[in-house]
Protein chains: 2
Amino acid sequence: MSSPRSARNGGSDGSSAKRTPDAGAKPAERGIPEATVARLPVYLRALTSLSERSTATCSSEELATAAGVNSAKLRKDLSYLGSYGTRGVGYDVEYLRYQIAREIGVTQDWPVVIVGIGNLGHALANYSGFSSRGFRIVALLDADPARQGEDVGGLGIRSFDDLEQLVEEQRVAIGVIATPAQAAQDVCDRLVAAGVTSILNFAPQVLSVPDGVDVRKVDLSIELQILAYHEQRKSLAEAGADLETIDAIEKVI
Amino acid sequence: MSSPRSARNGGSDGSSAKRTPDAGAKPAERGIPEATVARLPVYLRALTSLSERSTATCSSEELATAAGVNSAKLRKDLSYLGSYGTRGVGYDVEYLRYQIAREIGVTQDWPVVIVGIGNLGHALANYSGFSSRGFRIVALLDADPARQGEDVGGLGIRSFDDLEQLVEEQRVAIGVIATPAQAAQDVCDRLVAAGVTSILNFAPQVLSVPDGVDVRKVDLSIELQILAYHEQRKSLAEAGADLETIDAIEKVI
DNA sequence: AGAAGTTTGTGAACGTGAGAACAAACCGAG
DNA sequence: CTCGGTTTGTTCTCACGTTCACAAACTTCT
């Protein structure tokens, strides 16, 4: 895994983007475990929800329930950020919310470009959850001239050739790929060359990127297939048969 | 976690749906590790791609590269399914592809309902990756009468009230939720009551379901936030400053 | 047939994550 | 001020996942 161009995918649960274990020189470098990082946005959302209901403080138990995890895990996750709670009392909702937002980095604004404005691209462009959480879509790009000029969610679709200029001018660090699979790697290469260092990939395609670039993938059909696996097991189990036997028989066939 | 209605979310990397550890009576029960299950669809896709290029056999190294993992992990994953390779030679592409497809359960056809046909629902309904991989969308449901009747990808949008009848008649086991967050739990409850036992949730909302029901979530803004976290660390590191110091200073403020 | 070269499958070491349990710290009542 | 109740932060243990390393098994060449 020391090639200059290694795919940074894998991980334990479908989508992922692990940083190289030894990204820095120091051994620990105050690193928050990846599993915890993935849960922080969930806590943030739960806190926002509590805040909207004018809740001033909450216990780890309440917050954990709202976030769908157990309280021990929650407390351990929060302990990586620091000691922001008060024993015997709980957490101040607003304070904790700000601390998590700061740790994730969503107190600042992140400009984002979306490439590939098909069905999915349209949905992403219209998704309000981005702007409300520190992300600002600065451009919608598509290689197809027929689509260019069309207005989607208040933004015009522009040529993919505008990419380099855009990234430089607006300091875009995050790109979203919503193109067909066969175009994904080329688009990815252009994004990286233009200076994008974080990519969210919706195309069903393994992307290979140089070190220092993070890729996370969201793959709809993979999620369904994982569900299908469990569903199949359920129906087999329901049939009251011994799973090993069935598998053994099927394999012989 | 023994409540009759426990949220089955969490997991190490964003989206997930762990089964209860002791789902069956036996200790092992030929269970394939969850992390492996999540990668099988990736291998399946890589094999399909190789097959389309008329490749008859491949080594674990080749397949691993195509799937974006390292070869040791690939071999270990495949070893949970059985011994389908030949030492000194590699794997027969077609044979292995069928074995993985059978293990996942995509050799059969899975009827799927999609609830909530907004922007995202439209995109999902038009996504060709479902049908080509063993999933058949049997209905698009929406509670909004204004949307009902509209044709999306060859299917008419129907009333959400048709759900129960549909699930029974077509033996639907998998449901996709693409509604706004505030409707998600209600829709989820209706789906479960109707007999759906696997749910793919796109709404930014923690769902609570009874035991025996699997939920996987796909959350776009969470993925972006995870990227933002790493992006922030990158820019701090690039500034050449000691991360601990910066964090310490910011926290005092 | 035997030797040399490949490649799989797996045992063992290592690292990471989850959960239980508990001491430390805080609040409020008396 | 002290005591009892509450809740956090942390330690310890166990389970899971990843990676290394190598024997077993196969092919090919001589």
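Numbers at a glance
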read-out: Selection status of B:THR65, touching a residue at least 12 places away in the same chain (Cβ under 8 Å), within 13 Å of chain A (Cβ to nearest Cβ) and open to solvent by 60 Å² or more (accessible area, probe 1.4 Å); value: no
read-out: Leading residue by the ranking (nearest to DNA strand C (Cβ to nearest atom)) among those in the stretch A:127-137 that are part of a helix (DSSP H, G or I) and farther than 15 Å from A:ALA173 by Cβ; value: A:GLY129
read-out: Qualifying residues in the stretch B:168-184 (those that are open to solvent by less than 30 Å² (accessible area, probe 1.4 Å) and in a loop (DSSP other than H, G, I, E, B)) - the one farthest from B:TRP110 (Cα to Cα); value: B:THR179
read-out: So B:GLY129, is it under 19 Å from A:PRO204 (Cα atoms) and outside the structural domain of B:ALA38 (by TED's automatic domain parsing); value: yes
read-out: Odd one out for A:GLY88 among (1) closer than 18 Å to B:VAL206 by Cα; (2) not in a helix (DSSP H, G or I); value: (1)
read-out: Test for A:PHE130: is it open to solvent by less than 60 Å² (accessible area, probe 1.4 Å) and more than 10 Å from every other protein chain (Cβ to nearest Cβ); value: no
read-out: Residue within the stretch B:235-246 that is modelled with pLDDT of 95 or more and facing chain A (nearest Cβ under 7 Å) present; value: no
read-out: Failed item, numbered, when A:TYR91 is tested on (1) in contact with a strand residue (DSSP E or B) (Cβ under 7 Å, 6 or more places away or on another chain); (2) more than 8 Å from DNA strand D (Cβ to nearest atom); value: (2)
read-out: Filter result (in contact (Cβ under 8 Å) with a residue 12 or more places away in the chain, open to solvent by 60 Å² or more (accessible area, probe 1.4 Å), out of contact with any Phe, Trp or Tyr (no Cβ under 8 Å at 6 or more places or on another chain) and more than 20 Å from B:HIS122 (Cβ to Cβ)) within the stretch A:134-150; value: A:PRO145
read-out: For A:LEU44: the one exception among (1) facing chain B (nearest Cβ under 9 Å); (2) modelled with pLDDT under 95; (3) away from DNA strand C (no atom under 12 Å from the Cβ); value: (2)
read-out: Meets criteria (open to solvent by less than 20 Å² (accessible area, probe 1.4 Å) and away from DNA strand D (no atom under 11 Å from the Cβ)) for B:LEU50; value: yes
read-out: Some residue of the stretch B:22-29 being modelled with pLDDT of 95 or more and open to solvent by 70 Å² or more (accessible area, probe 1.4 Å); value: no
read-out: Filter result for B:VAL42 (part of a helix (DSSP H, G or I), more than 10 Å from DNA strand D (Cβ to nearest atom) and touching a helix residue (DSSP H, G or I) at 6+ places or on another chain (Cβ under 6 Å)); value: yes
read-out: Residues within the stretch A:93-109 that are touching a residue at least 60 places away in the same chain (Cβ under 8 Å) and open to solvent by 20 Å² or more (accessible area, probe 1.4 Å), tallied; value: 1
read-out: Filter pass, B:ARG75 being away from every other protein chain (no Cβ under 13 Å) and over 15 Å from B:THR48 (Cα atoms); value: yes
read-out: The stretch B:182-207 residues that are closer than 27 Å to A:LEU40 by Cβ, paired with ones that are at pLDDT below 95 and hydrophobic (A, V, I, L, M, F, W, C) (beta carbon under 6 Å, 6 or more apart); value: B:VAL206/B:ALA7
read-out: Condition met for A:TYR84 (more than 6 Å from DNA strand D (Cβ to nearest atom), surrounded by fewer than 18 Cβ atoms within 10 Å (Cβ to Cβ) and within 14 Å of chain B (Cβ to nearest Cβ)); value: no
read-out: Any hit, the stretch B:99-118, residues being in contact with a Ser or Thr (Cβ under 8 Å, 6 or more places away or on another chain), among the small types (Gly, Ala, Ser), assigned to a loop (DSSP other than H, G, I, E, B) and away from DNA strand C (no atom under 16 Å from the Cβ); value: yes
read-out: From A:LEU96, A:LEU140, A:LEU163, A:LEU124, residue being in a helix (DSSP H, G or I), out of contact with any Cys (no Cβ under 7 Å at 6 or more places or on another chain) and under 21 Å from B:LEU220 (Cβ atoms); value: A:LEU124
read-out: Test: residue in the stretch A:61-79 that is assigned to a strand (DSSP E or B), farther than 20 Å from B:HIS230 by Cα and either under 26 Å from the mean Cα position of the chain (by Cα) or within 13 Å of DNA strand C (Cβ to nearest atom) (or both); value: no
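Table: residues versus (1) surrounded by 23 or more Cβ atoms within 10 Å (Cβ to Cβ); (2) in the same structural domain as B:VAL115 (by TED's automatic domain parsing); (3) assigned to a helix (DSSP H, G or I).
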site: B:ASP186; (1), (2), (3): no, yes, yes
site: B:ASP189; (1), (2), (3): no, yes, yes
site: B:ALA193; (1), (2), (3): no, yes, yes
site: B:ILE199; (1), (2), (3): yes, yes, no
site: B:ALA203; (1), (2), (3): yes, yes, no
site: B:PRO210; (1), (2), (3): no, yes, no
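The values are calculated or read from the model by the stated rules, or taken from the named source; none is laboratory data. For clarity, every value in this text was computed on a predicted model and none was experimentally measured. Reconstructed Cβ throughout: ideal geometry from the backbone, glycine too, with neighbour counts over all protein chains shown. SASA here: full protein model, heavy atoms, side chains in, ligands and nucleic acids out. Shrake-Rupley method; radii C 1.70, N 1.55, O 1.52, S 1.80 Å.
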